[in-house]
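**Student:** I am attaching a structure below and will ask some questions about it afterwards.
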Amino acid sequence: MRVPTIDELRRIFLSGDGKARVSCVLLAHSGLRTQTLGDYEGRDGLRVKDLPEMKIEGVSVSFIKIPTIVVIRKELSKAPVFHVSQ
């Protein structure tokens, strides 16, 4: 495996539908694992609420801060959960 070139990424982003483009951008530029986008059928993955700095107004989407926060819920995370006892 290797990192795709800018030209290869451009071709990937311009092919397919909108969902495919968004998936490719998230994986290529955010460091997310494919499992965070959902299972094989695309269920139980990232949700709009997992992007707390995203604003949707009509058909326009914007972000309060860039880079933005992506919240990975516990059930999607590969990281171990640590409990702090008091």
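**Student:** Angle, helix 18-30 long axis vs. longest principal axis of the chain, Cα atoms, 0 to 90°, nearest 10?
**Tutor:** Tilt relative to the chain: about 60 degrees.
**Student:** Given a 10 angstrom Cα cut-off, can you work out which residue in 38, 18, 58 is the most mobile in a GNM of the chain?
**Tutor:** Result for the chain, Cα springs under 10 Å: 58 fluctuates most.
**Student:** Could you give the length gained on full extension between residue 57 and residue 3, defined as 0.36 nm per residue of separation minus the Cα-Cα distance, in nm?
**Tutor:** 16.0 nm
**Student:** Does region 17-66 classify as rounded, prolate or oblate by the C-alpha gyration tensor (a ≥ b ≥ c root eigenvalues; a/c under 1.5 gives rounded; else a/b over b/c gives prolate, otherwise oblate)?
**Tutor:** In terms of gyration-tensor shape, prolate.
**Student:** Counting other beta carbons within 10 Å of each residue's own, what order do 53, 41 fall into, fewest first?
**Tutor:** Listing 53, 41 from fewest to most nearby Cβ atoms yields 41, 53.
Only the coordinates and a few stated rules stand behind these numbers; no lab work does. Only a predicted model underlies this, so the values are computations on that prediction, with no experimental measurement involved. Note: ideal-geometry Cβ built from the backbone for every residue, glycine included; neighbour counts use all protein chains shown.
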